[in-house]
Structure formats: structure tokens, C-alpha cells
Amino acid sequence: MVNKIHLLDSQTINQIAAGEVVERPSSVIKELVENAIDARATRIEVKVSGENCERIIVSDNGCGIAAEDLLKATQRHATSKISRVEDLETLNTLGFRGEALPSIAAVSYLTITSKVTDNICGYTIKTNEGHSSLPTEIGIPDGTVVLVDRLFYNTPARKKFLKTPRYEFGLISDLMSKLILSHPKISFTLKHGNNTILTNQSGSIEQAFANVFGHDAIKQMIALEYTKDLIIHGLISLPALSRSNRNGYCFFVNNRWVKSKELSATVDEAYYTLLPKHRYPLIVIFLDISSNCIDVNVHPAKTEIKFKDNQLIRNALLFAISDAMSKKEQMIPHLVGLRDLPPSSLGGKSEAWHIEEKTKPVSRQLKLEEPLINNTLDNMMFANNSFENKTLVAENPHKAVEILSQDETTKQLLFSSLRLLGQIEGTYIVAAADDGIYIIDQHAAHERILYEQILDQINNPNSNSIQLAIPISFEVTYKEKLMLTDAILDLRQIGFIIEHFGNNSFVIRAIPTWYQGTAPERLLLDIIEELSNSNDINRLRQEEIMLAACKKAVKANQYLSKQDINSLLCALDKCQNPFTCPHGRPLSIKLTYQEIQKKFLRNGY
């Protein structure tokens, strides 16, 4: 039997439209706040309450809605922002579709109260299931107040797929953070029940950034300015401030927060040589561009965007970031000393090694330590070939491990017995054995050392935490605060003792004995970012924490003293597997006596 085609009723149509626009409580707030911004409001307040964030009040001091327009505002495709299709090409408002209010009304009890500037009184209407009351007079200040009550009361399937209340409110706070950043000259307030969560007074982007990310983070940000082919401005972080994912990427095109794979890829490219792999900057970038050069209608919620000339945008953004970085004194390579752990805290002699704080220019030449200059290369490399049978070739780490199991003495003396020559580019250690030269990746070697130290410490129940003489305070976003408070007990089990210090501030009282870095608050934030993907700390494996700590290993372009290098080589000999980094990559290569002779066409080669 062929099904007949029939027209849907208006309520079903509105609920289908609501499915496109109103996915969760944060979607409702996005639509209502953007309407308030389009109404030229300078003060916007959002209040959220209810167990599932089902009661939302958004109030503003904008231009208001006239009584005769209140009923129209709750009907589909009603808008004051466009009049004809040609207007879409020059759209300068955040919204225009006219579906937000009727879509919200289709899944809630909606009340709109508004007063037009200079009118004697305001008016209010109530809408539910497609029916609206007539406007009635009410005394209120200029502006609009929208009350959304019992959200998703008639769509239980939608409510079923919402996550925990804390998670949903975390999304709301994240959204409000982006709105604060995109419009720093508007005063915003976000309240949860009777508690004020976020607030920003009208001011600069720097002030707004500090209110969202904390006053410590703003110290690591630099201004971005570009005014040639288009206008680009905002804030980007120095390499000292980074995250383990791209959640810190905030792009605003004509003051609208957007997602863009092209813009994200361009930022990745700009920071490619400035940050280690899998580290990402914190950025707030504004692009002011003609509206006819972009398409914001890619997604119903208008969060995705397309550019008509991607290459122009890419080139401009790359130049802007490069230009900003090149002007900063902080970009000059320098070394950060590793924290000195007392031997007693590790249950024995400390294996930590240290870097001198000094700066050397990057060079293409091999750096020779002064005491070694008197030794000739021939004596270092070609003295004899007696070490051949005991030498472990790094290109075949599996074979090397097998040989080690047969001769533990060789294991203890392999790297520490090498004669140091120097460094290449502050990245590779060069040392000589009796039958050849070893080139060691200092970052990979330090990663291996830290990895095995962490493994030993985590498996040692008698040494879990080190009390800090001076506690470390740090600030987080509200969403991160929710996750940290939920994870405090679990973090204690892995060695972090932290306390909530009010608002979005925390204090670190103790750190794990296995942590060798200088910024434990950054490691905590990395852990929280990993948790945000699963919303379950029990899924965070110890291995992930260890690998996060290994990111603190010495990096490329860091020149080490002779003492530092010797300490590293000795520590490497004590590793169970001193031939690969924790990710499986070889950490050293060897040029044998025979290979060098062959290259120089000596002795019959």
C-alpha cells in the first residue's frame, strides 16, 4: 500500500525545526544572547537553574520589541534582520533566520517581556505549543527579558540524550566565555542559581581574556595585528603556554564565533616549529572581512564558515602570527632549569639531571667542549676495534636488548663510557666510542629516562607525593573547575594534592614524586583536557599520565653543559630499555669504524 502524502501540523513542524536549532540548554542561550547582541544591548545577564538546566532567563538592555511585533516574533521565519534574499549577501547580524523563538517555544514554556526605549511601559506574552497569549502591559526597564521554563518537557527523547547537569552547565559556561571574548565591550554576567559564575565589565579584549582564562594566562599572551588585505587582530600565546588539544582555539569572524578547519590548520602551521608535537597554543583571533566574502549558512547554528578565498586568509594569518612572534624578546631560545628533587623524596639517590640557564645561538657547526679539544678525532674514534663485539647498534634495538641480557656489564657502561664531543644544533649529543661515533637525540633520551623513573615511582606505594614549601596557585575556566573538583580524590591517588581556593582558583599543595617538570599546573590542565573527551576520570590510564609528564623532557635547541650530558648518559645506562623513546623511536644512531673508513675510501674499501 502506497503511503499518501500529507501536510504536517504546525506543532510538529516547529519541533522538527527545534531539533535543528535547539539541541541542548546551551543552544537556547546561544540564540537568545545573540538576539540580545543584535538588539545593541550593552548589558546581558543569563540565569540558569533547575536540576537539568531547564529554566533559563536571558535579560538585556537592548532596543526592545514593540507590542505589535511580539506575536510575530514567535512565528516561524519572522525576522527584523532581512527583507529579501539579496540581504543574505550583506548580512552583518549574528542571526537572521527567525526560527529561534518559535523553535524554543515548541519545546518549552516561553515568556517574552520587552520594553522599547522611550516607551511608557512594556509588554509581555506567553507562548506554548504554538499558541501565544495577547500582549499585556507591564512596568519594566528598557530592554527584553526572555524566560524559558520546563525545557524539553514535551520531548523526553531529547532530554534523555543530555549528559549530566554539570556537563551541560560546563557547555553553557564555555559558550558564555566565547561570547565574552567576542564582545568585550558588552557587560556579561552568568549565574547558576544564586551564584555568579562569570562576569565581565565593558572593557578591552585583554581584560575579557583575563576574566575567562585567568590573570596568569594573560601574561603569556601577545597582541596580534594585521591590516593589509583584511583586518586580523587578537591575542596569541607564547610557546611557554600551550595545551594538549585545540580547545584553546577561538576564532571570531565579524565577531561571530566559528569553527574552521582551514583556520585551525593555518595556526598549526604557524606554530609548527615553535611547539612540540601534539602541543597547541591558546589563541583568540578576530577576522574582520566583508560579509560577501564568507558563507555562514553552512550549519543551522551558523557555527561553521566557508571563505571564498582560503589562500588569502591563510597567507594573511601566517604573516600576522610570524610577525607578532618575531618582535618578542621572549622568543629568544633560553633554558629552564629542571626542579631539583631531594634524594630522600625518591626513596634513594635522585636520578634527576639539570640544565644550566644560559642562551647560545643556534649554529650549524659541531660544538666542542673546551677540555676535549686536545684529543684528536683519530684517537677518539679509531684507537682500536676491541669494542666491536660488545657494541650495541641502535638501528636494531631488539637485538641490542637480547645482547644486554647476556652481558649486564655492557649495559651499565655503554653510554656512560662514551667520550663526549659536543652537540649539534643544541639537539643531538655527539660522543665517541673506541670503534665509532654515537649521535643521541637528547629529547628522546630524556623521555626514556623520565618514563622509567615515573614507572618506578607510580609502582612504589611508599613514595607518592612531595609537599611543596610554597604552594602553587593557578586559575582555570569554570568548565575546568567543575572537572577538577570532581577529580580531586582521583588526582590524590596519583600524587597531586590540590585544594579549591574559591571561585575558579586552585592551590597545589603536593606533587607526585615522579614529576620532573617545573609547571605542575600545566600537567593538571592537560589531564583535565584529556578527561573532557570522555567525562570519566576512571578511563584515564596511568600510562597517559606518564606520557604527559614525559612531555616535560628537554627539547631541541637547548644547549647542555658537559656535566648535564654526562648525567644524562649515566642515567640512560640504568634504563631497562635505553635504545628507544617511550613511543618506540630510536634515540641514538651509530657510525661504526668500518662505516667511516668506507666513506673515506680507506683500507681497501
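Every number here is computed from the coordinates shown, using simple stated rules; none is lab data. All values derive from a computational prediction rather than experimental measurement. When we count neighbours, we look across all protein chains shown, and the Cβ atoms used for this are built from the backbone with ideal geometry, even at glycine.
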* To do: Could you sort out which of K160/K261; K47/K259; K30/K72; K191/K259 sit more than 29 Å apart by Cα distance in this structure?
  => K160/K261
* Between R279 and K160, what is the spin-label point distance in nm, taking each point 7 Å from the Cα along the Cα→C-beta axis? -> 4.6 nm
* Structure fact -> Cα extents of segment 157-289 along the principal axes, largest first, in whole Å, come to 44, 33, 30
* Label-to-label distance, nm, for residues given as L134 and C570 (7 Å Cα→Cβ offset) -> 9.3 nm
* Asked: Residues with beta-carbon under 13 Å from that of G64, excluding G64: net charge, scoring Lys, Arg +1 and Asp, Glu -1?
  -> -4
* Formal net charge of residues neighbouring S49 (Cβ-Cβ distance under 15 Å; K, R +1; D, E -1) -> 0
* **For segment 220-331, the Rg and Dmax computed from alpha carbons only, in angstrom** => 13.6, 44
* At 0.692 mPa s and 37 °C, Stokes diffusion of segment 99-227 via Kirkwood alpha-carbon radius, µm² per second -> 185 µm²/s
* Percent of C-alpha pairs per 5 Å bin, segment 181-247, short to long -> 4, 14, 20, 21, 19, 13, 6, 2, 1, 0
* To do: With a point put 7 Å past each Cα toward its Cβ, work out how far S49 is from S417 in nm, to one decimal.
  => 7.7 nm
* Structure fact -> Neighbour-count ranking for R522, R448 (other C-beta within 10 angstrom, fewest to most) reads R522, R448
* To do: Grab the beta carbon distance between Q311 and I231, set R0 = 30 Å, and tell me the FRET efficiency rounded to 0.05.
  => 0.95
* To do: Determine, from the Cβ-Cβ distance of H215 and E304 and an R0 of 35 Å, the FRET efficiency 1/(1 + (r/R0)^6), rounded to the nearest 0.05.
  => 0.60
* Go ahead and run the numbers for FRET between T485 and R509, Cβ-Cβ distance against an R0 of 22 Å, rounding to 0.05. => 0.90
* Where the centre of each part is set by its Cα atoms, how far does segment 228-249 sit from segment 423-500, in angstrom? -> 26 Å
